[in-house]
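Peer 1: The structure follows.
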Amino acid sequence: MRKRLTPGVVLGFIAVGFAMSGSAVAGSLITSAKIKDGTIRNKDIKKGTIALDRFTKGTQAAIARAGQPGAAGAAGAPGAAGRNGADGLDGTTTTLPAPTATPTATPEPSPEDTAGNWGFINRNAIGAPTAFLRSGPAAAPVGDGALNLTVRDGTEKVAYGNETDFVGDDFSAVDAVGFHVFTTGENIGKAPAGTPNMPGIIFEIDPNVDAKPSTNYSSAVFMPGNSPANVWSPYIDATATGFWGLTGGAFAGTTCDINGARCTFAQLMDYLDDNDNNAPKILSVAVGKGRDYFWSGAVDGLRVNDTVFDFEERGVFTTAP
């Protein structure tokens with residue numbers, strides 16, 4: 001039976017020359033059949049001469065697996081509890097700073113606080129003017145916002161007011177009227193030098209003047225002088241400054257003709273007070289502008305007697321003077 005070399009034994013061809021009778025003869029090849037099992041040892045093999053690919057596949061795989069880490073073992077049991085630490089030193093009492101208060105949003109006003117009947121009076125608008133509630137400008141005199149009014153030129157007119165809450169009130173009982181105005185240098189420059197260019201306060205009334213029995217409508221309009229540009233004016237008292245005028249042909253040429261000399265608040269009240277049994281009645285209250293010159297600015301803090309109307313971005317509110 002033929003013998004095979006086991007792994008670890010290098011097969012080689014060994015040429016052996018035999019000298020016979022003093023002459024060279026051809027060497028013979030030594031095969032594995034001629035090697036006795038167990039006779040070739042490690043010392044017979046030259047170091048570094050056996051490559052891995054000379055071994056069987058199984059042997060190569062076994063060598064590749066050698067030295068690789070195995071799977072993690074199961075966790076060990078918990079160790080014993082450690083000793084208690086040493087006692088700490090006595091502490092001292094420290095006063096902590098008071099927590100910072102969390103800012104709270106300004107609560108929305110209840111319906112009782114609002115004057116919800118204020119708005120753009122469409123029937124008194126001419127052209128394409130604008131009137132809207134806004135924040136600012138600058139630091140508003142009452143609250144944080146104001147009513148912005150804009151008219152493009154002398155062809156436009158705007159009115160923002162209340163056509164509900166004052167209907168039927170006695171106009172002769174009005175003894176406090178005024179507001180704040182924010183105007184600009186551009187507004188002032190649109191009018192001839194020395195000519196006021198400002199918004200006004202408007203009372204639509206049934207005048208009930210005996211001398212004008214067929215007249216049941218007019219607008220009593222307050223027209224102030226120019227206030228400083230680019231800042232909020234102080235409170236403009238319509239009972240003590242500026243001029244008033246009555247609209248309508250029936251009052252042309254009278255003491256308070258809006259297109260004539262006009263009059264003071266005291267003169268207006270005196271003119272309308274000609275019948276104790278039939279006082280002038282209010283139909284609406286508004287602020288407005290037109291028709292004379294371009295104007296774009298704001299008003300705030302409209303006062304009528306003991307109520308101040310605060311124009312804010314989120315609505316119109318009432319407060320005390």
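FYI, it's all coordinate maths here, none of it is from the lab. Owing to the predicted nature of the structure, the values given are computational and were not obtained by experimental measurement. Cβ placement follows ideal geometry from the backbone for every residue including glycine, while neighbour counts extend to all protein chains displayed.
Peer 1: At 4 °C and 1.567 mPa s, grab the translational diffusion coefficient of region 113-319 from Stokes-Einstein with a Kirkwood Rh over Cα pairs, rounded to a whole number in µm² per second.
Peer 2: In µm²/s, the coefficient rounds to 76.
Peer 1: Related question: Taking H placed 1.01 Å from N in the peptide plane, check which residues at least 5 places from ILE121 or on another chain put their amide H under 5 Å from its amide H.
Peer 2: ALA159, TYR160, GLY161
Peer 1: Continuing with the same structure: Beyond 14 Å, what percent of the Cα pairs of region 206-286 remain?
Peer 2: Cα-Cα pairs in region 206-286 separated by more than 14 Å: 65 percent.
Peer 1: What's the local net charge at ARG123, with K and R +1, D and E -1, over the other residues with C-beta under 13 Å away?
Peer 2: -1
Peer 1: Sum up the charges of everything whose Cβ sits under 9 Å from the Cβ of LYS289, counting Lys and Arg as +1 and Asp and Glu as -1, but leave LYS289 out.
Peer 2: Result for the neighbourhood of LYS289: 0.
Peer 1: HN-Hα J couplings of region 293-299 from phi, Karplus 6.51/-1.76/1.60, θ = phi - 60°, integer Hz, Gly and Pro as x?
Peer 2: Once θ is set to phi - 60°, the couplings for region 293-299 become 9, 4, 7, 9, x, 9, 10 Hz.
Peer 1: Loop only by DSSP, 16 or fewer other Cβ within 10 Å of the Cβ. Give me the trypsin sites (Lys or Arg not before Pro) in region 228-319 that pass, ordered by residue number.
Peer 2: Passing sites in region 228-319 are ARG291, ARG314.
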